[in-house]
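Here is the structure we will look at.
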Amino acid sequence: MTASPMALGAQVWDRLRPDDREWLCSLAREAGPGARVALVGGAVRDALLGGTPLDLDVAVEGRAAGALAAASGLPAVVHPAFGNAAVTLPDGRHADLVRARRETYPVPGANPLPLPGTLEDDLARRDFGLNALGLEVPPEGAPRLLDVTGGLDDLRTRVLRPLHPRSLYEDASRLVRGARLAGRLELEAHPELRRQVPEALDMSGQTPRLWAELRLLLQEPKPGKAARALTAWGAGELLPAGAAERLEALDARRDAGDDLSPTAYAAALLSAAPDPAAWAGRLGLGEKPGALLARALGDTPASPGSPEATLRALLRPEAYAGLSGRDVVARGVVPGPAVGAALAHLAALRRAGKVHSRSEEEAALTAYLGEPGPTPSPG
């Protein structure tokens, strides 16, 4: 990535969808003389890695972002307090327009104080070098790449480097965000990141955004890899003990073809927590992960390949597929209450630890029904 800013800008520009290019050009023209518009952050990073960015963040210098969003003619929600706006693109995607700004942290862990700034200021305030790249789109002419922090070198070497000496102390949620990126993009932690980990851990309890980042970790393509990065950096205490191993086990099942949603990963994390309900509340997970975990730990038959079956195999490797109502009917029991009574009897034996396999359940059902057992072979 040693090409000129114009050549790299062309590389990013070519990776964008044609309708997105048209929209960015219209913003640059509408912004007017003296204003500057740039695509910033993850979209530029991902385009340089060969992807087609879909999540677009745009920084605007010299023009109110909310006013520019309103002038675009697309549906927009403007946030006057921050001077930002969320625009709904024609295909339903959302793009964020922000006023280029500088930031200070009067209180570490709290929201930063924004101040007007240039595009260069806006890139320099970001979390990691490879996220501090921009593509300036002029009203006329070719876009050019902006790299004011050395992010291109970080991207080339696949290194995750904080931009400021107190970056993770001021916002400990960046530590989890970094782990998400490391797991997704196969990144190595810069020594500066590892140096800042203890300070980030000290501030983690005073950084509410950190819990939102942990929830987002469960939505990564491979949450286990992100959790392992946290552990490798000495920040495993941000997760319940043993959670990383369980999330990695689900990564392996997903690689093998299992369809595992973020809810399944959330249930696996809760399974390692000493107080699952407290963790569910802290991360804002809702009720579904806890309900899935309860089904996985219960005795209700689970279909092969279902999230319940996958979690049960992970959390209770000794578990087996017990007899079903169909099995009881096949033994001659008339469908109805008698089948339920037989299943309840078998469930009680499982809970008491008196049966440990399907064959033992079959023998217990034979005894329950009063049937003769198998005839011994002559010997």
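The values are calculated or read from the model by the stated rules, or taken from the named source; none is laboratory data. Predicted model only: the values in this text are computed from it and were never measured. Cβ sites come from the backbone with ideal geometry, for glycine too, and all protein chains shown count toward neighbours. In case anyone asks, the SASA skips ligands and DNA or RNA and just uses the protein heavy atoms, side chains included. Shrake-Rupley method; radii C 1.70, N 1.55, O 1.52, S 1.80 Å.
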Segment 148-185-segment 116-137 distance, computed between alpha-carbon centres (Å): 13
Net charge dipole size for segment 230-337 [Lys, Arg +1 and Asp, Glu -1 on Cβ; Debye, nearest 20]: 320
Nearest 10 degrees, 0 to 90: helix 243-255 Cα axis against the chain principal axis: 90
Whether segment 266-379 is rounded, prolate or oblate, judged on the alpha carbon gyration tensor where a/c under 1.5 counts as rounded: prolate
Centroid-to-centroid separation of segment 23-72 and segment 214-228 [C-alpha atoms, Å]: 29
Local net charge near ASP299, Cβ-Cβ under 12 Å (Lys/Arg +1, Asp/Glu -1): +3
The chain: relative contact order as a whole-number percent, Cα under 8 Å and 6+ apart: 10
Carbon + sulfur, % of accessible area of the chain - ligands and nucleic acids excluded, 1.4 Å: 56
Cα long-axis angle, helix 18-31 against the chain (0 to 90 degrees, to the nearest 10): 40
Per principal axis, descending, Cα span of the chain in whole Å: 98, 44, 40
Calculated FRET value between LEU49 and SER357, using beta carbons and R₀ = 35 Å, to 0.05: 0.10
Loop-located trypsin sites (Lys or Arg not before Pro) in segment 1-110 whose Cβ has at most 16 other Cβ within 10 Å (DSSP): ARG93
Surface accessible to a 1.4 Å probe, per residue, for the residues of the chain, Å²: 47
Share antiparallel - DSSP beta bridges, the chain, percent rounded to 5: 75
Spatial separation of Cα centroids for segment 275-328 and segment 186-208, in angstrom: 34
Between helix 5-15 and the chain: long-axis angle, C-alpha atoms, 0 to 90°, nearest 10: 40
Computed magnitude of the charge dipole of the chain (debye, nearest 20; Cβ of K, R +1, Cβ of D, E -1): 380
Sites HIS79 and THR104 - FRET efficiency at Förster radius 25 Å, r taken between beta-carbons, to 0.05: 0.80
